[in-house]
Amino acid sequence: MINLTESAARKIHEMIESENNDQLFLRVGVRPGGCSGFSYGMGFDDEAHDDDVSFELHDVKVVVDKDSIRYLEGVTIDFKESMMGGGFTIDNPNASASCGCGSSFRTKEEAGTPGDC
């Protein structure tokens, strides 16, 4: 399903701890939009839905909605630090094209709904 690097897991743990809510988990999804057709969504949530798929990686609970699963198979989420700051990156082997900002993509099978990035 989704791969989470140790660096990303450490940063997610740190961010969850700062929220003072031990019920939070990482929700990852895909929605139509972005300049390439689909855009990633990633954030914290504390409510799972009946049709969600959940699993644990590096002690991080990850939840994905059923519609996003097909676009996220094999994705690797990483966190990288640089002199300019840090941020999460998503490497998606299903993407046939992505935009320069890296937050939207399309697959060979589906172009999505391109829009503003």
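The numbers here are math on the coordinates, done by the rules we state, and not lab data. The model shown is predicted, which means the values in this text are computed figures rather than measured ones. Please note: Cβ atoms are built from the backbone with ideal geometry, for glycine as well, and neighbour counts cover all protein chains shown.
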For this session: Treating cross-link reach as a plain straight distance, find the aspartates and glutamates whose alpha-carbon is under 14 Å from the alpha-carbon of LYS80, omitting any fewer than eight places away in the same chain.
Result: GLU6, ASP91
Problem set entry | Peptides 50-59, 68-77 ordered by average Cβ neighbours within 10 Å, highest first | 68-77, 50-59
